[in-house]
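Below you'll find the structure, written out as structure tokens, and then a few comments.
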Amino acid sequence: MSMDRILSARHHAAEQVGADRPLDRIYVHGLEVDAWIGIHHQEKGQTQKVRIDVEAEILPAARNENIENTLCYDFIVGGVHAIIERGHINLVETLAEEVAAHVLGHPLARRVKVRVEKLERLPGAKLGVEILREKLADTVADIVPLPDERD
């Protein structure tokens with residue numbers, strides 16, 4: 001099989017991922033963490049509670065009870081904690097983007113929705129952002145199996 005045909009097959013397969021194939025949804029809702037976050041003077045030098053919701057659409061998990069064939073909740077939660085532990089973040093948008101990038105770094109992840117809410121910034125209100133991100137076809141193509149060379 002020629003390299004052009006292989007690349008064309010990968011591109012076609014990548015376009016089909018998520019379009020024609022069902023996706024499972026893994027989620028972590030209501031994860032509350034203390035974060036060094038904010039741009040205002042009163043937000044510097046102290047933590048504030050944020051709530052993070054993550055919904056990841058993934059390729060269907062194998063039905064063989066093997067944790068290695070799915071995106072584990074611990075992957076999401078551990079990533080959030082690792083991002084928070086790196087230090088101060090100015091914007092909730094930045095935190096949401098970093099969480100989304102972490103989740104989309106998993107081979108099975110295709111799309112992710114991340115919501116970050118500050119719970120203590122304004123009494124009686126939740127302030128935050130929600131973002132939706134999708135893995136680019138070029139990155140998906142790298143993990144889509146190649147067609148059999150006999151095709």
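Potential lengthening of the chain between Leu91 and Glu32 amounts to 19.6 nm, from the contour at 0.36 nm per residue minus the alpha-carbon distance. Here's the list of lysines a cross-link from Lys135 could span, going by alpha-carbon distance under 25 Å and ignoring same-chain residues fewer than 8 apart: Lys113.
Quick note: the coordinates plus some simple rules give every number you see, no bench work behind them. Just so it is clear, the model here is predicted, and its values are computed rather than measured.
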